[in-house]
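The next block holds one structure in the form of structure tokens; read it before the comments.
The values are calculated or read from the model by the stated rules, or taken from the named source; none is laboratory data. Just so it is clear, the model here is predicted, and its values are computed rather than measured. A quick note on method: Cβ atoms are made from the backbone with ideal geometry, for glycine too, and the neighbour counts reach across all protein chains shown.
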Amino acid sequence: YVIKNNERAIDMVIGAVERILANRSVRVLVVDDVPSARKMLADLLKLQQFQVFEASTGTEAMTMLEQHPGIELVVTDYNMPDMDGYELTRRIRRVHTSDRVRIIGISSSADRLLSASFLKAGANDFVYRPFVVEELQCRIGHNVETLSQIRQLRLAAFSDYLTGLRNRRHFFDEGPAIVASCLDRDEPCSMAMLDIDHFKRLNDTCGHEIGDRVLKAVATRLRETLDDTDHMLARLGGEEFGILLVGMDIQQASDFCEMLRRQIADVRVALDDADLGVTASIGVAQVEGQENFSNYLNAADQFLYLAKRYGRNRVYS
Ligand code: GH3
Ligand code: MG
Ligand code: MG
Ligand code: MG
């Protein structure tokens, strides 16, 4: 088979190796009061390249979950002195939903109803001891795969397909908390709305494909300029971008946006016969008072309207 389908065999091996290597970033917590049983599970998981944490009681497990928010999978025994695995599962589910933390129960109990109890309490899977190693590995693998699929879906749902920036949903999802934490710390914060000038005309004269390339080029320049800062950038729709400027009062934000405006005016998109330039207008408003998040954006939009009115390619605040 290997000789006949050499490339396919190599692909399969590479796929398997990649799956195992991906496990290196996954943190798993093993909870069992019996040291030898715990070690056996931990060794099995380490063989699969997981980062393994160990706890000998439910209380210790809850502390570890708090200390290591990166733990994504808990494999827990049922019978434990201070808190059984069923109770531990219930407690974990009060703080972590199954799209963030997966739970697999394990027990040598003869009670055939235990499996259903665990699942009802919020576990994602259950295995009776003694287990077949390969079966447990498969079940763990499926749970890890589900988490990775959820991550990919979440990423897709929160990013803008064309530019790769955050999308409007992400902006409105995270923005209010960022604003609240600024206001709590008595730090200034400003909202900017940026809109490409005469973009419809550009689409009409050069075509949508060139329009898309310009959008991507502007997005890239914005991202590069805002990289390594706390500010939050998103494509709100069409040729409009929102920027939450953390720690900046209206004067600082206006100066910063003036720099952004110049950066964009410098962008060149290479066409067959010439280089294409583009400009943008920006409206900036200070975030103050306990307003609804969208009101801050509306305020920035009103200033943007004025920036357009006064001739475009400018910042108005
Ligand atoms: P202004 O300077 O006043 O902002 O004028 P404008 O032409 O930029 O504004 P308007 O809102 O009239 O036009 C925006 C255009 O953006 C219309 C729409 O066809 C185009 N557009 C929206 N989304 C996309 C996209 O994803 N790709 C491309 N190529 N064009 C888009
Ligand atoms: Mg036990
Ligand atoms: Mg627009
Ligand atoms: Mg426009």
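Of the residues Asp204, Asp227, Asp212, Asp197, the single one that is of a type outside the set (Phe, Trp, Tyr), under 22 Å from the mean Cα position of the chain (by Cα) and either within 16 Å of ligand 4 (Cβ to nearest atom) or closer than 20 Å to Gly164 by Cβ (or both) is Asp227. Restricted to segment 237-253, and to residues there that are of a type outside the set (D, E, K, R) and surrounded by 21 or more Cβ atoms within 10 Å (Cβ to Cβ), the residue that is farthest from ligand 2 (Cβ to nearest atom) is Ala253. Within segment 137-185, the set of residues being surrounded by fewer than 19 Cβ atoms within 10 Å (Cβ to Cβ), under 26 Å from Arg223 (Cβ atoms) and either in contact with a His (Cβ under 9 Å, 6 or more places away or on another chain) or small (Gly, Ala, Ser) (or both) comprises Ser148, Ala156, Ala157, Phe158, Ser159, Gly164, Ala177, Ala180, Ser181. The listed residues are Asp173, Asp212, Asp230, Asp195, and the only one of them that is assigned to a strand (DSSP E or B), acidic (Asp, Glu) and touching a residue at least 12 places away in the same chain (Cβ under 8 Å) turns out to be Asp195.
The condition of being over 28 Å from the mean Cα position of the chain (by Cα), more than 16 Å from ligand 1 (Cβ to nearest atom) and surrounded by 18 or more Cβ atoms within 10 Å (Cβ to Cβ) does not hold for Arg8. Set side by side, the residues Glu60, Glu54 differ, and just one is in a helix (DSSP H, G or I), at pLDDT 95 or above, in contact with a strand residue (DSSP E or B) (Cβ under 9 Å, 6 or more places away or on another chain) and not aliphatic (A, V, I, L, M), which is Glu60. Answer yes or no as to whether Arg261 is of a type in the set (Lys, Arg), within 30 Å of Gly207 (Cβ to Cβ) and free of Cβ contacts under 8 Å to residues at least 24 places away in the same chain. It is false that Arg261 is of a type in the set (Lys, Arg), within 30 Å of Gly207 (Cβ to Cβ) and free of Cβ contacts under 8 Å to residues at least 24 places away in the same chain.
For segment 194-206, how many residues are surrounded by fewer than 19 Cβ atoms within 10 Å (Cβ to Cβ) and more than 8 Å from ligand 1 (Cβ to nearest atom)? Matching residues across segment 194-206 total 3.
Scanning segment 233-254 for residues that are more than 16 Å from ligand 3 (Cβ to nearest atom), touching a residue at least 24 places away in the same chain (Cβ under 8 Å) and not in a strand (DSSP E or B) yields Gly247, Met248, Asp249, Ile250, Gln252, Ala253, Ser254.
When each of Ser281, Ser317 is tested for being more than 16 Å from ligand 3 (Cβ to nearest atom) and in contact (Cβ under 8 Å) with a residue 60 or more places away in the chain, the lone residue that passes is Ser317. Among the residues of segment 62-106, not one is polar (S, T, N, Q), closer than 18 Å to Ile150 by Cα and buried (at least 22 other Cβ atoms within 10 Å of the Cβ).
As a summary of the residue check, Phe158 satisfies the conditions (1) closer than 30 Å to Leu233 by Cβ; (2) out of contact with any helix residue (DSSP H, G or I) (no Cβ under 6 Å at 6 or more places or on another chain) except for the one numbered (2). Looking across segment 129-170, the residues that are assigned to a helix (DSSP H, G or I), free of Cβ contacts under 8 Å to residues at least 60 places away in the same chain and under 30 Å from Asn79 (Cα atoms) come down to Glu134, Glu135, Cys138, Arg139, His142, Glu145, Thr146.
Checked against the criterion of being part of a helix (DSSP H, G or I), in contact (Cβ under 8 Å) with a residue 60 or more places away in the chain and either of a type outside the set (A, V, I, L, M) or crowded, with 18+ Cβ neighbours inside 10 Å (or both), segment 24-41 has at least one qualifying residue. When Ala180 is tested against the conditions (1) out of contact with any helix residue (DSSP H, G or I) (no Cβ under 8 Å at 6 or more places or on another chain); (2) closer than 17 Å to Val74 by Cα, the lone failure is (2).
Has segment 186-193 got any residue that is among the polar types (S, T, N, Q), within 20 Å of the chain's Cα centre (by Cα) and surrounded by 20 or more Cβ atoms within 10 Å (Cβ to Cβ)? No, segment 186-193 has no match at all.
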